[in-house]
């Protein structure tokens, strides 16, 4: 399996992760390819988790504004 660059969106990461899971579940690939796919899956899982955490932080910032709809910049610190 060729190594891909990191997908640009949560949806792309999730779709690629689902495809990897399906591929691994079929069991028709070599051990080496399985390990590469698993490694890529771990990377994608972490990327998805980070994206979800950032989204949760943004929502929390909005909710703490006491109902105002103004947005403030999100810093990735």
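What follows is calculated from the coordinates using simple rules that are stated; it is not laboratory data. Keep in mind that this is a model prediction, so the values were computed, not measured. Here Cβ is always computed from backbone atoms with ideal geometry, including for glycine, and neighbour counts include all displayed protein chains.
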Taking all pairs of different Cα atoms in region 10-63, averaging 1/r and flipping that mean, what Kirkwood radius in angstroms comes out?
12.3
Residue 33-residue 57 pseudo-label distance in nm [points 7 Å out on the Cα-to-Cβ vector]:
3.9
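Express in nm, to one decimal, how much length is gained between residue 14 and residue 40 on full extension, taking 0.36 nm for each residue of separation and deducting their alpha carbon distance.
Numbers: separation 26, 0.36 × 26 = 9.36 nm, distance 1.18 nm.
So the extension gain works out to 8.2 nm.
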